[in-house]
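Undergrad: Quick one: the structure is below, and I'll ask about it shortly.
The values are calculated or read from the model by the stated rules, or taken from the named source; none is laboratory data. Bear in mind that the values here come from a model prediction, so they are computed numbers and not experimental data. Because the Cβ atoms are built from the backbone with ideal geometry, glycine has one as well, and the counts that use them run over all protein chains shown. Just so you know, the surface numbers come from the protein's heavy atoms only, side chains and all, with ligands and any DNA or RNA stripped out. Shrake-Rupley method; radii C 1.70, N 1.55, O 1.52, S 1.80 Å.
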Amino acid sequence: MQAAIPPWPEDVPIHPLVVIDYHLLKTGDTAEASRLWEAATKLGFWYLKNHEMDRLVESMFDVGAQVMDLPMEEKMKYEQGNNGISFGYKMPGANVITAQGDLDTTEMLNIAKDDVLSWPRLVRRASEYSYPLPVLENMESVVRPFVSKSLEVNNTILGIFNDQLGLPQEMLLKLHPPNELSGCEARIIKNKATASTTRLATGSHTDFGTLSILHNRQGGLQVLPPGSQIWQYVKPIPNHAICNVGDALSIFSGGILRSNLHRVLPPPSSQANQDRWSLVFFSRPANEIILRALSDESREIEKAVESADSDSKKMFDTGVTAQEWCRRRVKNRRVENNKVGLENWKASRGTESIQKASL
């Protein structure tokens with residue numbers, strides 16, 4: 001059973017996020033949709049309450065605990081490998097997280113949306129060592145309901161953004177068809193308790209895909225607000241998810257929607273004596289979708305691209321598919337692929353390369 005989590009330390013400052021009510025979004029509340037839009041265009045992060053996933057989140061954490069308690073030898077049978085595919089297990093220290101070569105401290109298991117929705121047939125990790133037994137045993141009762149609900153929340157938000165951007169009806173949804181292969185995945189993350197509250201668990205980055213929906217129990221997530229050089233904690237709130245825009249959505253929108261820099265440290269102060277657990281659903285476009293600003297389909301996006309600086313304009317016409325974008329970023333973080341140093345590190349970067357901030 002999860003030990004009681006100490007309250008947020010009063011001496012640790014936080015960056016406040018807008019709280020968005022998913023129930024209001026679902027019922028078409030225009031004022032709440034406007035608040036969501038403001039959060040997504042200014043910082044790119046917001047809290048989401050009434051998301052209807054609380055029970056599923058706790059069940060997913062239980063599955064994750066069973067997986068992480070397995071012997072390392074057993075977990076390594078499901079290792080994700082070095083070829084840029086994210087799905088599978090990753091041990092602590094497998095990724096480079098800074099230009100100086102520092103290594104991450106997190107272990108995680110990524111479960112492909114495609115495998116979940118096609119279950120009992122597996123299409124992404126169709127081998128003897130697909131996923132650890134706790135995942136397979138709970139695929140129908142826990143993992144699939146969590147993924148399906150996450151997709152519902154994701155699609156509701158995408159529908160609102162689609163309208164605000166002036167795109168043709170359901171265009172963003174059509175870039176994310178559930179029945180086509182994509183990089184969408186559920187991720188269970190464990191970071192062991194440590195005496196240090198300053199060593200990076202995950203380095204500064206923007207997310208690869210469209211939207212991220214994070215459920216975390218302890219603190220550690222930090223954001224770098226636009227125009228600031230000071231990293232600020234995001235305080236976890238019980239039964240509230242933390243959502244953020246990723247690279248793909250920022251590119252599609254010509255930068256109108258912000259994919260903001262963030263990183264993860266151990267929990268601060270009084271929360272630091274416990275393992276840190278997180279659960280994320282990452283939404284990503286279908287593999288073959290080209291990442292480019294949708295200027296031809298929206299006058300709002302066209303104007304945003306026209307007013308962008310030259311570096312941003314290059315980013316808004318990547319010439320690569322969503323699959324290539326994701327694979328490059330995953331592959332070039334791996335220690336085994338990073339032996340050439342700084343150039344490979346740079347090759348793991350996303351839209352943060354156009355943000356004027358220290359990485």
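Undergrad: Please determine, by comparing only the residues of segment 159-182 that are open to solvent by less than 10 Å² (accessible area, probe 1.4 Å) and of a type outside the set (S, T, N, Q), which one is nearest to Glu32 (Cα to Cα).
TA: Here is the first cut: in segment 159-182, the ones open to solvent by less than 10 Å² (accessible area, probe 1.4 Å) are 161-162, 165, 172, 182.
Adding the requirement that they be of a type outside the set (S, T, N, Q) leaves 161, 165, 172.
Details: Phe161: 12, Leu165: 16, Leu172: 20 Å.
Only one residue tops the list, namely Phe161.
Undergrad: I would also like to ask the following. Which residue out of Asp115, Asp62 is within 21 Å of the chain's Cα centre (by Cα), surrounded by fewer than 21 Cβ atoms within 10 Å (Cβ to Cβ), of a type outside the set (Ser, Thr, Tyr) and over 25 Å from Arg199 (Cα atoms)? Can you show your working first?
TA: Numbers: Asp115 fails: surrounded by fewer than 21 Cβ atoms within 10 Å (Cβ to Cβ).
On inspection, the qualifying residue turns out to be Asp62.
Undergrad: List the pairs whose first member sits in segment 188-199 and is at negative phi and part of a loop (DSSP other than H, G, I, E, B), whose second member is surrounded by 15 or more Cβ atoms within 10 Å (Cβ to Cβ) and of a type in the set (Asp, Glu), and whose Cβ atoms are under 8 Å apart, counting only residues at least 6 apart or on separate chains?
TA: Lys192/Asp275; Ala193/Asp275
Undergrad: Which residue pairs have Cβ atoms under 8 Å apart, sit 6 or more places apart or on different chains, and have a first residue in segment 342-357 that is within 11 Å of Asn332 (Cα to Cα) and at pLDDT below 65 and a second that is open to solvent by 30 Å² or more (accessible area, probe 1.4 Å) and among the hydroxyl-bearing types (Ser, Thr, Tyr)?
TA: none
Undergrad: Scan segment 87-132 residue by residue and report those that are part of a strand (DSSP E or B) and in contact with a Phe, Trp or Tyr (Cβ under 8 Å, 6 or more places away or on another chain).
TA: Gly88, Tyr89, Val96, Glu107, Met108, Leu109, Asn110, Ile111, Ala112
Undergrad: Another question, if that's okay. For segment 208-325, please list each of the strands (runs of 3 or more DSSP E) lying entirely inside it that holds at least 3 residues being open to solvent by less than 30 Å² (accessible area, probe 1.4 Å) and under 19 Å from Ile14 (Cα atoms).
TA: Numbers: elements: 211-216, 221-223, 241-245, 262-264, 276-283, 290-292, 317-321.
Because the criterion is at least 3 residues that are open to solvent by less than 30 Å² (accessible area, probe 1.4 Å) and under 19 Å from Ile14 (Cα atoms), the strands (runs of 3 or more DSSP E) in segment 208-325 that meet it are 211-216, 221-223, 241-245.
Undergrad: Please give the number of the condition Lys75 fails out of (1) surrounded by fewer than 18 Cβ atoms within 10 Å (Cβ to Cβ); (2) among the charged types (D, E, K, R); (3) outside any loop (DSSP other than H, G, I, E, B); (4) touching a residue at least 24 places away in the same chain (Cβ under 8 Å).
TA: Condition (1) is where Lys75 drops out.
Undergrad: Before we move on, is Pro92 touching a strand residue (DSSP E or B) at 6+ places or on another chain (Cβ under 6 Å) and surrounded by fewer than 18 Cβ atoms within 10 Å (Cβ to Cβ)?
TA: Values: touching a strand residue (DSSP E or B) at 6+ places or on another chain (Cβ under 6 Å): yes; surrounded by fewer than 18 Cβ atoms within 10 Å (Cβ to Cβ): yes.
It is true that Pro92 is touching a strand residue (DSSP E or B) at 6+ places or on another chain (Cβ under 6 Å) and surrounded by fewer than 18 Cβ atoms within 10 Å (Cβ to Cβ).
The rows are residues; the columns are (1) in contact (Cβ under 8 Å) with a residue 12 or more places away in the chain; (2) surrounded by 16 or more Cβ atoms within 10 Å (Cβ to Cβ).
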| residue | (1), (2) |
| --- | --- |
| Gly101 | yes, no |
| Leu109 | yes, yes |
| Arg121 | no, no |
| Ile157 | yes, yes |
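Undergrad: Restricting to segment 13-59, name every residue that is small (Gly, Ala, Ser) and either surrounded by fewer than 18 Cβ atoms within 10 Å (Cβ to Cβ) or more than 23 Å from Pro226 (Cβ to Cβ) (or both).
TA: Quick first cut of segment 13-59, residues small (Gly, Ala, Ser) only: 28, 31, 33-34, 39-40, 44, 59.
Within segment 13-59, Gly28, Ala31, Ser34, Ser59 meet the criteria.
Undergrad: If a residue has to be within 24 Å of Leu43 (Cα to Cα) and not in a helix (DSSP H, G or I) to count, how many in segment 12-32 make the cut?
TA: Start the filter on segment 12-32 by keeping residues that are within 24 Å of Leu43 (Cα to Cα), which leaves 12-26, 28-32.
Adding the requirement that they be not in a helix (DSSP H, G or I) leaves 12-21, 28-29.
Matching residues across segment 12-32 total 12.
Undergrad: Answer with yes or no whether Ala322 is of a type outside the set (Lys, Arg), out of contact with any Asp or Glu (no Cβ under 8 Å at 6 or more places or on another chain), touching a residue at least 60 places away in the same chain (Cβ under 8 Å) and closer than 23 Å to Asn95 by Cα. Before you say what the answer is, go through the steps one by one.
TA: On the way: of a type outside the set (Lys, Arg): yes; out of contact with any Asp or Glu (no Cβ under 8 Å at 6 or more places or on another chain): no; touching a residue at least 60 places away in the same chain (Cβ under 8 Å): yes; closer than 23 Å to Asn95 by Cα: yes.
No, not satisfied.
Undergrad: Still on this structure: Only one of these is closer than 14 Å to Leu109 by Cα and part of a helix (DSSP H, G or I): Val147, Val135, Val153, Val142. Name it.
TA: Values: Val147 fails: closer than 14 Å to Leu109 by Cα; Val153 fails: closer than 14 Å to Leu109 by Cα; Val142 fails: closer than 14 Å to Leu109 by Cα.
It is Val135.
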